[in-house]
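Heads up: the structure comes next, in structure tokens.
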Amino acid sequence: MVGMTLAHLLRRRNFEPTVLERMPAGHYIPRGYMLGFQGYEPLEEVGVYQEVRDAGRPIAPRPDQPPVAVAVRFGALIEALQRDLPIENEHTVVELLRDDIDRVAGVVAENPEGRVTIDADLVIACDGTRSPVREMAGFEAEVDVLPEAALGFMSTVPADTSFAMDYMSDGGHIGMLSWHEGSAGWRSCARVGEEAALAPGLEAIKEMFARLLPPSESALKGVTSMDQVRYTEPALLRCPEWWKPGVAIIGDAAHFFGPETGVSSGIGLGDAHALAEAIAQNPNDPDAACHTYETWRAPAVRPYEANDPGRQRILVAGSVEARPEERWPPEVA
Ligand SMILES: Cc1cc2nc3c(=O)[nH]c(=O)nc-3n(C[C@H](O)[C@H](O)[C@H](O)COP(=O)(O)OP(=O)(O)OC[C@H]3O[C@@H](n4cnc5c(N)ncnc54)[C@H](O)[C@@H]3O)c2cc1C
């Protein structure tokens, strides 16, 4: 998402980026998704905001103002971004090229035919939280594992409302969002591992969501199999540096926020917007563009990192217990 948005914004500024994607054309993993207001401007400039807004349901609509967020089928955004964008699919970046002063000067990618070498004025890693390019370039990454796990569901049935969320007595959270074609829910739970978290079974999980978050009841009608339920152990990601000569990291490769914030993609889309403009303002000096980017972007992104509610929970972990009826998995009497 972030890489495609950056490519569109660069093309609008008369640059010719090469987009490398390891997956086949059209591939994406569906997820419960809300687009936060931080992503509206870049998508407006790309020309897909209104289409995505119309395809989704508003969250916290306000009179005469855009909604705070839009719950939308994830594919509606991805498909809009894939349109009219040349992408080198099935190209996996496996190595960075360096020049004689050790500046990054391109990449080596593997495709079904073999290996290709691609020279670049600037390599921009938009390759997700595990970012292979971040590793190859030697960026420091601070990964803070949250004290809690997450239990989520995906439903084929839309809920009555587009969004609902509550905090629990230990600072944990439970929420639900719904687009026109389906809905998704989540809650924080004890880090007990997948087997123990899912052991109570589908009906117990549905009963718990409906009891603790009544607006999710309509969505739960579309949850009929344990394949629609997922246990994960989320972590926050923060990188002290976002660029080195010849290479920059943006989007999820540079930062990842807590599950209840719903800001990760909007911040990433804002990164793409700022970097495209920084490159346009420094057309002959990519490293100066990165410097400009960091100067603009740090005051926008660093406060989100510092104030992430997940980070606050790390500080108080273990000092507060949830009420028994809120705990998951439930205690066996
Ligand atoms: C379950 C779930 C729910 C989420 N819900 C929300 C939400 O409600 N709101 C929100 O704002 N955000 C949400 N997010 C986060 C959001 O999806 C990301 O912030 C968003 O996708 C932007 O990520 P990105 O483009 O930076 O990275 P990604 O989406 O991870 O894309 C990285 C791309 O790089 C490719 N790649 C990786 N390695 C290589 C390589 N070596 N060579 C070539 N290509 C490579 C990958 O195939 C992938 O296509 C959610 C995430 C998850 C997992």
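Coordinate-derived values only; no laboratory data. Because the structure is a prediction, the values reported are computed rather than measured. No Cβ is skipped: glycine too gets one built from the backbone with ideal geometry, and neighbour counts run over all protein chains shown.
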> How much length, in nm to one decimal, is gained on full extension between VAL320 and ASP100, taken as 0.36 nm per residue of separation minus their Cα-Cα distance?
Replying inline: 73.7 nm
>> Looking at the chain, I'd like the Rg to Rh ratio, where Rg is from alpha-carbon atoms and Rh is Kirkwood's inverse mean 1/r.
In response: 0.99
> Modelled label-to-label distance, MET165 and GLU181, 7 Å Cα→beta-carbon offset: nm?
Replying inline: 2.4 nm
> Karplus couplings for segment 216-232 from phi (6.51 cos²θ - 1.76 cosθ + 1.60, θ = phi - 60°), rounded to Hz, Gly and Pro as x?
Replying inline: 7, 4, 5, 5, 5, 4, x, 9, 10, 8, 5, 5, 8, 10, 9, 10, 9
>> If I stretch the segment between ASP121 and ARG12 completely, what's the gain in nm (0.36 nm per residue apart, minus their alpha carbon distance), one decimal?
In response: 37.4 nm
>> If I fit a long axis through the Cα atoms of helix 286-306 and take the longest principal axis of the Cα atoms of the chain, what angle between them do I get, 0 to 90°, rounded to 10?
In response: 10 degrees
>> Springs between alpha-carbon pairs under 10 angstrom, Gaussian network model over the chain: which of MET165, MET154, MET23 fluctuates most?
In response: MET23
>> Quick check: residue separation of THR156 and ARG191 times 0.36 nm, minus the Cα distance between them. What number comes out in nm?
In response: 9.9 nm
>> 7 Å from Cα along Cα→Cβ at both GLN281 and MET226: what's the point-to-point distance in nm?
In response: 5.4 nm
> Most exposed first by the Cβ proxy, i.e. fewest other Cβ within 10 Å, how do PHE74, PHE15, PHE257 rank?
Replying inline: PHE15, PHE74, PHE257
>> With viscosity set to 1.002 mPa s at 20 °C, what whole-number translational diffusion coefficient in µm²/s follows for segment 187-229 from Stokes-Einstein and a Kirkwood radius over Cα pairs?
In response: 195 µm²/s
> Nearest 10 degrees, 0 to 90: what angle lies between the long axis of helix 2-11 and the longest principal axis of the chain (Cα atoms)?
Replying inline: 40 degrees
> Among ASP121, ASP170, which comes first, then next, by fewest other beta-carbon atoms within 10 Å?
Replying inline: ASP121, ASP170
> Using the Kirkwood formula over every pair of different C-alpha atoms, what hydrodynamic radius in Å results for segment 19-68?
Replying inline: 12.9 Å
> What is the helix-to-structure angle for 202-212, meaning the angle in degrees between its Cα long axis and the longest Cα principal axis of the chain, kept from 0 to 90 and rounded to the nearest 10?
Replying inline: 90 degrees
> What list do you get for LYS244, LYS221 if you sort them by fewest beta carbons within 10 Å?
Replying inline: LYS221, LYS244
>> Quick check: the distance between the Cα centres of segment 256-306 and segment 170-212, to the nearest angstrom?
In response: 33 Å
>> Cα atoms only: what Rg and Dmax, in Å, come out for segment 149-233?
In response: 11.8, 33
